[in-house]
Amino acid sequence: MLTTNQAQHTLQAPPRLVAETRLEFRRAALDRLEDAVRSQAPRMLVDLGHTADIDASGLGVLVLLQKRARERMIAVRLLHPPASVRQMLQLTKLDYLFELED
């Protein structure tokens, strides 16, 4: 269960994190990151539990988020990534960038 502070810094990813949804998700992710910075949160959570499809542009947004978070000393934890998302992270060798939590 998430505490109130964690819930405030959790972003729900869309069912398809692909080119068509990346801009809206990018805006929401960077806004949520700034909220985490303002409240001095140690990490930001991205819930991928309902994300069935991810492409290179979706991965790009996650990498951008992680990079910006790291610059601000905040970790990015990916919650409930389905097997397809985990596989894409592993195939692209990006899984080491994130904390993963089932």
Checklist outcome for this item: Note on the stretch 43-84: alpha-carbon gyration tensor, axes a ≥ b ≥ c; rule is a/c under 1.5 for rounded, else prolate if a/b larger than b/c, else oblate; result oblate
Item to check | Cut-off under 5 Å, modelled amide H: who pairs with M44 long-range | outcome: A75, V76, R77
Item to check | For the chain, the spread of Cα positions along each principal axis, largest first, Å | outcome: 33, 27, 22
Item to check | Cα lying deepest toward the dipole's positive end in the chain, options V85, L62, G49, charges on Cβ | outcome: L62
Checklist outcome for this item: Percent antiparallel among DSSP beta bridges confined to the chain, rounded to 5, stands at 0 percent
Item to check | Computed [θ] at 222 nm, helices only, for the chain once each DSSP H run of length n ≥ 4 contributes -39500 (n - 2.57) | outcome: -15500 deg cm²/dmol
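Taken together, the values in this text are just the output of simple stated rules run on the coordinates, not laboratory data. Keep in mind that what you see is a predicted model, and the values were worked out from it rather than measured. Positions of Cβ are generated from backbone atoms using ideal geometry, with glycine treated the same way; all protein chains shown enter the neighbour counts.
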